[in-house]
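One structure is given below, encoded as structure tokens.
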């Protein structure tokens, strides 16, 4: 798989009280991604929770000036974290982030954040090909899987 600078892996599996566990998790995550041909090993980010993950994504949007597609299975936690962000960060995410809710057949949560269902990996083609306007927020920008 060729290198793709727009592709990143961002996880919120960090616990604040155990540095050894975090180091082991980071090492095993990096090895798993490498063994599964993740194309951009320099774009792996570890965050200490959903709010930090969303804050990191805001920074990525600002740095890259691109819309972002986040595939995540923690819909409720991310929506709660979104509500706790500063208004400016909420605005950036509302305009430039699409959250593909992994494991969900329907998404009826009320949020200014764009959320679309992503029931399973068999639907990845539909997500990337059949929903480009939703993912791009109608701006013709490229999206970034996370």
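Counted residue by residue at 0.36 nm each, then reduced by the alpha carbon distance between them, the extension gain from residue 109 to residue 35 reaches 23.0 nm. A Förster radius of 30 Å, combined with the Cβ-Cβ distance separating residue 52 from residue 121, puts the computed FRET efficiency at roughly 0.70.
Normalising the Debye intensity of the stretch 9-136 to I(0), with uniform scatterers on Cα atoms only, and taking log10 at q = 0.09 Å⁻¹ returns -0.27.
Between residue 83 and residue 25, what length comes free when the chain is fully extended (0.36 nm per residue of separation minus the Cα-Cα distance, one decimal in nm)?
18.1 nm
The stretch between residue 17 and residue 63, if pulled fully straight at 0.36 nm per residue, gains 13.5 nm over its current Cα-Cα span. Computing FRET efficiency as 1/(1 + (r/R0)^6) for residue 71 and residue 91, where r is the C-beta to C-beta distance and R0 is 22 Å, gives about 0.50. What whole number of Å gives the distance from the Cα centroid of the stretch 24-56 to the Cα centroid of the stretch 60-121? Measuring centre to centre over Cα atoms gives 18 Å.
Only the coordinates and a few stated rules stand behind these numbers; no lab work does. The shown structure was predicted, so the numbers you read here are calculated from the model rather than taken from an experiment. As a convention, Cβ positions derive from the backbone with ideal geometry for all residues, glycine included, and neighbour counts pool all protein chains shown.
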